[in-house]
Each structure stands twice: as C-alpha cells, then as structure tokens.
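Taking it in order: structure first as structure tokens, then the write-up.
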Amino acid sequence: MFKRFFKGGVAVPYEKNTANCETIKMDVPKKVIIPMLQHIGAPCKPCVAKGDVVKVGQVIGDSDEFISAPVHSSVSGTVTSVEPLLYPGGVFVNSVVIETDGKQEIFEKIAPPRISNTKDFIKAIRESGLVGLGGAGFPAHVKLSVPPGKKIDTLIINAAECEPYITSDYREIIENSWNVIGGINTVMEFLNIEKVIIGIEDNKPEAIHEMTKVADTSDRISVMKLKSRYPQGAEKMLIYATTGRKVPPGKLPADVGVIVMNVNSVSFVAEYAKTGMPLIKKRVTIDGGAVNKPCNVEVPIGTSLKDVFDFCGGFKETPKKVLMGGPMMGIAQFSLETSVVKHTNALLAFTEEESNLPPEGPCIRCGRCVRACPMNLLPLKLSKSSLRENIEELNKYHVNDCIECGSCSYVCPSKIHLVQSIRLGKAQIRAAMKGGK
Ligand code: SF4
Ligand code: SF4
C-alpha cells in the first residue's frame with residue numbers, strides 16, 4: 001500500500017521501450033552549438049570569441065547573476081562564431097559554435113574541487129555548471145543554498161520518471177547506483193541533512209531493487225516505492241508522497257524542510273567531486289515510431305538533434321513531430337539544427353499517425369480536466385481567461401500555480417488545448433508585470 005497519494009493526475013501508457021538499452025557513447029560531432037542559456041535564470045556572457053581554441057571542460061560563458069550557471073565546452077576545437085541561434089524553445093539565444101578537432105583534449109585546469117565546508121561545496125557546484133537534470137534546468141547551487149533561518153532535514157531524490165518513453169534516470173540507477181549513493185552522501189555531509197528518501201515509481205521494480213541494495217549501506221537513506229501515476233515526479237507531488245508535507249502556493253520546498261534533487265543530478269555531484277569535469281555531456285533517450293533504433297545515448301552538450309538522430313540510425317520515415325522531453329511536457333522542435341542542452345533528457349520523433357491530433361471540439365462541461373488537475377485548479381476557466389487576455393481572472397484562478405503538467409489536456413474528450421492557452425496566460429501575466437499593469 002502507498003502511504004500518501006496526490007489528488008488528480010492521469011494514468012499514462014507505459015512506453016519505456018528503451019528501459020533495457022544500455023547507454024551508448026556518441027562519437028564527437030564535427031560541430032557543436034552551445035547556447036549561453038541552458039537554465040532557468042540569467043543568460044551567460046560568452047568569454048570566448050571567434051578564432052579561440054578551446055578544450056574540454058573550459059568555461060566558455062558565465063554570469064555575475066546568482067540565478068545562472070556557467071557554460072563549458074564539451075569538445076576541443078576552434079570557436080567559429082558567437083551569434084544568436086535557434087534554441088530548443090523556439091527563440092534565438094546567443095550561442096558559441098565550435099568546430100571540433102576530434103582530439104578531445106582536456107582543459108589544463110580541470111581537477112577535483114577542494115571541498116571542506118558548505119561554502120566550498122556550493123561554490124564547487126556552481127563552478128560545475130550543474131542545473132536540474134530532470135528537465136527543469138534550475139541552477140543546482142541556488143537550490144542547494146539553504147536560505148538563512150531554514151532547516152533542511154530531508155533530501156528527496158527524484159527517480160520517479162513518470163513521463164512515458166524517458167528512461168534516462170532509470171538507466172542512471174541501473175548503470176551507476178554507487179555514484180547515486182556517493183552524490184547523496186556528499187550532499188548530506190556538506191548540507192548537514194539527516195535523512196534521504198529516494199522516490200521511484202512501482203513500475204520500475206529493477207530500479208527499486210538496485211537502489212535498495214546499495215541504499216542498505218546506510219540507515220539514513222531509504223527507497224520509497226511510489227504509485228505510478230503522472231505527474232508523480234512533479235516536485236510538490238513527490239514531496240507529499242514521500243514526506244506528507246504540502247508546499248503552500250508561492251513557497252519553496254525549503255519552506256517545508258526539504259530539498260529535491262533529480263537522480264542524475266545527484267549522481268553527477270559524485271562524478272564531479274572525483275574528477276572536477278564540469279557538466280559537458282548528457283544521457284538522452286531516443287525514441288518514437290519514426291526512429292530506427294530507440295536507445296539511450298550519451299551526447300556531448302551542444303550536439304545538433306540531427307547528429308544525434310543520425311548516430312542512432314536515422315529515421316524510418318520523416319517524422320511529423322519531434323519533441324525535446326516527454327510527450328506530456330516536452331517542447332516541439334521546429335528544426336533539427338537546435339542542439340542538446342543540459343536539461344535535455346529525451347528526443348522523441350513521432351510518425352504522422354502518432355502525431356495526429358483530432359481537431360478541438362466544444363467544451364461539454366464534463367469536468368474531467370478539473371478532476372485531473374493535481375494542483376486543484378480550474379483548467380477550463382484558466383484557458384478561457386487566457387484567451388480573453390483577462391489578467392484579473394488569470395490571477396483570481398491562480399494561473400501561476402499551474403505546473404504545466406498537461407494532465408488537463410490529456411483527459412479532455414474535446415481535445416481542447418488547455419495547457420497551451422494556460423502557458424500563454426502565464427506569459428500575459430509576465431508581460432503585464434513588466435508593463436507595470
Ligand atoms: S491546469 Fe496546469 S497543473 Fe492543472 S492539469 Fe492543467 S497543466 Fe496540470
Ligand atoms: S475536460 Fe474538456 S470538455 Fe471536459 S470540462 Fe474540461 S475543457 Fe470541457
């Protein structure tokens with residue numbers, strides 16, 4: 001029996017076709033495009049220029065802002081341009097383009113960080129360039145900087161991986177469980193955290209078995225089996241399922257005494273502590289009916305989507321839709337020239353048949369969207385307020401509490417694009433705030 005479970009959510013099909021695909025390492029591409037914004041927060045300023053020779057792990061962009069993370073070169077080679085280029089989200093972002101030399105020479109200054117206290121630890125995490133690897137891309141040093149007066153007693157490791165298709169977190173547990181434990185121990189030590197709960201959905205029994213085996217070495221680390229229901233991996237849902245604590249609207253996990261880290265992020269902490277090599281590569285799940293060989297592949301950050309798909313055997317047929325991320329929260333890509341960024345965990349290419357969405361119909365007031373919403377919102381009202389550009393109503397119905405999980409759109413029998421219009425509503429609020437309305 002499960003102790004706690006959130007209201008709403010949806011049962012999504014189990015499409016983890018790549019669960020048994022051991023991670024393969026991609027060859028270094030001829031060129032990488034590394035965007036200066038790969039996280040939530042301020043973009044980095046490039047610190048290299050056209051003609052510069054760079055090495056693996058070298059900083060190529062940084063920022064003075066707190067909510068930001070430095071960007072490093074994933075390859076050795078020569079910078080051929082620094083210019084605004086298309087970013088996975090469909091906008092243009094200043095990017096460093098590097099022609100690789102194939103030598104993969106390591107930057108001379110790469111060395112394990114010296115960490116003896118919390119301050120050193122936070123500094124090292126910032127220098128590593130780590131951002132939340134589960135898909136959100138929040139700078140890790142910000143998340144791990146506990147605000148004064150707050151006490152964190154529990155570290156929650158998010159290994160729920162509730163999106164269909166994606167198996168990147170699962171593979172980390174199967175392939176690197178000791179690194180996961182190593183990273184957990186480092187975070188516990190330097191943030192003085194008493195206990196750790198690793199949350200894994202019950203549809204991944206092998207991951208639960210593997211993690212339980214290694215977690216048994218410590219009485220402060222436990223594995224919790226979670227009910228498989230989307231969006232179990234959303235931060236607020238996970239905190240409730242594992243601790244019973246509810247994060248109030250507008251508050252952060254630290255306000256209820258917890259920090260949540262993705263399983264790949266915590267494993268990276270162990271790797272970084274050992275080697276000092278910053279975040280320059282990413283495991284990406286490749287799947288969807290249009291791809292030849294679904295797989296898990298380790299990719300240098302900045303590799304174009306086209307090069308990744310080509311490495312994975314190319315397409316069976318021209319994909320109708322390519323997503324970065326899962327089918328519930330992923331972002332559709334207009335071009336295969338965009339590149340893999342730090343928080344890319346999947347690239348899915350779907351056939352025409354898989355992508356066909358029936359046209360929107362009228363709302364039949366069935367209430368399914370309301371029942372599916374894990375945040376207790378009124379999705380239809382939010383969507384309507386957004387389409388009317390009614391800022392007052394959007395605020396009244398708490399649009400900013402929406403976690404954009406897509407559960408409402410998923411269950412709507414009339415196929416109304418609820419989450420898209422809700423996202424638009426959030427953008428309207430941001431614009432109104434900037435305009436001082
Ligand atoms: S309104 Fe937001 S939080 Fe609620 S189901 Fe829709 S997308 Fe998810
Ligand atoms: S699920 Fe769709 S049809 Fe049903 S109430 Fe919500 S918007 Fe209307």
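The values are calculated or read from the model by the stated rules, or taken from the named source; none is laboratory data. Keep in mind that this is a model prediction, so the values were computed, not measured. Every residue, glycine among them, receives a Cβ derived from its backbone with ideal geometry; neighbour counts consider all protein chains shown. Note: accessible area is taken over every heavy atom of the protein model, side chains too, but ligands, DNA and RNA are not part of it. Shrake-Rupley method; radii C 1.70, N 1.55, O 1.52, S 1.80 Å.
Selection over region 208-246 of residues that are surrounded by fewer than 22 Cβ atoms within 10 Å (Cβ to Cβ) and touching a Phe, Trp or Tyr at 6+ places or on another chain (Cβ under 7 Å) gives a count of 4. One residue alone among Leu382, Leu348 is at pLDDT 95 or above and part of a helix (DSSP H, G or I), and that residue is Leu382. Answer yes or no: is there a residue in region 341-356 that is within 10 Å of ligand 1 (Cβ to nearest atom) and open to solvent by 10 Å² or more (accessible area, probe 1.4 Å). Within region 341-356, not a single residue is within 10 Å of ligand 1 (Cβ to nearest atom) and open to solvent by 10 Å² or more (accessible area, probe 1.4 Å). Taking first residues from region 366-382 that are polar (S, T, N, Q) and partners that are open to solvent by less than 40 Å² (accessible area, probe 1.4 Å) and near ligand 1 (Cβ under 8 Å from one of its atoms), the Cβ contacts under 8 Å between residues at least 6 apart in sequence or on separate chains come to Asn376/Gly8.
Of all residues in region 283-324, those satisfying the criterion of being assigned to a loop (DSSP other than H, G, I, E, B) and buried (at least 22 other Cβ atoms within 10 Å of the Cβ) are Gly288, Ala290, Ile301, Gly302, Thr303, Cys312, Pro319.
Determine if region 145-163 includes at least one residue that is open to solvent by 20 Å² or more (accessible area, probe 1.4 Å), outside any helix (DSSP H, G or I) and aliphatic (A, V, I, L, M). Checked region 145-163: at least one residue is open to solvent by 20 Å² or more (accessible area, probe 1.4 Å), outside any helix (DSSP H, G or I) and aliphatic (A, V, I, L, M). Taking the listed residues Ile429, Ile422, the one that is within 15 Å of ligand 2 (Cβ to nearest atom), in contact (Cβ under 8 Å) with a residue 12 or more places away in the chain and open to solvent by less than 30 Å² (accessible area, probe 1.4 Å) is Ile422, with no other qualifying. All but one of (1) closer than 29 Å to Pro294 by Cα; (2) open to solvent by less than 40 Å² (accessible area, probe 1.4 Å); (3) aliphatic (A, V, I, L, M) hold for Ile174; which doesn't? Going through the list (1) closer than 29 Å to Pro294 by Cα; (2) open to solvent by less than 40 Å² (accessible area, probe 1.4 Å); (3) aliphatic (A, V, I, L, M), Ile174 breaks only (2).
Quick check on region 247-256. Is at least one of its residues at pLDDT 95 or above and buried (at least 22 other Cβ atoms within 10 Å of the Cβ)? Within region 247-256, not a single residue is at pLDDT 95 or above and buried (at least 22 other Cβ atoms within 10 Å of the Cβ).
For region 231-246, residues that are closer than 24 Å to Ser409 by Cα and in a loop (DSSP other than H, G, I, E, B) total 4.
Pull out all pairs, ordered by first then second residue, where Cβ-Cβ is under 9 Å, the residues are six or more apart or on different chains, the first lies in region 406-419 and is assigned to a helix (DSSP H, G or I) and near ligand 1 (Cβ under 6 Å from one of its atoms), and the second is aromatic (Phe, Trp, Tyr) and open to solvent by less than 30 Å² (accessible area, probe 1.4 Å). These pairs meet every condition: Ser407/Tyr230. Among the residues examined, Ala69 does not qualify as surrounded by fewer than 16 Cβ atoms within 10 Å (Cβ to Cβ) and either hydrophobic (A, V, I, L, M, F, W, C) or in contact with a Phe, Trp or Tyr (Cβ under 8 Å, 6 or more places away or on another chain) (or both).
Selection of region 209-222 for residues being in a strand (DSSP E or B) and either touching a Gly at 6+ places or on another chain (Cβ under 8 Å) or in contact (Cβ under 8 Å) with a residue 40 or more places away in the chain (or both) yields only Ile221. In the set (1) away from ligand 1 (no atom under 12 Å from the Cβ); (2) part of a loop (DSSP other than H, G, I, E, B); (3) open to solvent by less than 20 Å² (accessible area, probe 1.4 Å), the condition left unmet by Cys363 is number (3). Of the residues making up region 16-37, those that are under 25 Å from Pro294 (Cβ atoms) and open to solvent by less than 60 Å² (accessible area, probe 1.4 Å) are Lys16, Thr18, Ala19, Cys21, Thr23, Met26, Val28, Pro29, Val32, Ile33. On the given criteria, is Leu394 more than 10 Å from ligand 1 (Cβ to nearest atom) and either charged (D, E, K, R) or in a helix (DSSP H, G or I) (or both)? Here the answer is yes, as Leu394 does meet what is asked.
Kindly indicate whether Pro374 is within 23 Å of Leu238 (Cβ to Cβ), within 10 Å of ligand 2 (Cβ to nearest atom) and open to solvent by less than 50 Å² (accessible area, probe 1.4 Å). No.
Residues checked against (1) more than 20 Å from Leu238 (Cα to Cα); (2) part of a loop (DSSP other than H, G, I, E, B); (3) at pLDDT 95 or above:
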{"site": "Gly182", "(1), (2), (3)": "yes, no, yes"}
{"site": "Asn185", "(1), (2), (3)": "yes, no, yes"}
{"site": "Met188", "(1), (2), (3)": "no, no, yes"}
{"site": "Gly199", "(1), (2), (3)": "no, no, yes"}
{"site": "Asn203", "(1), (2), (3)": "no, yes, no"}
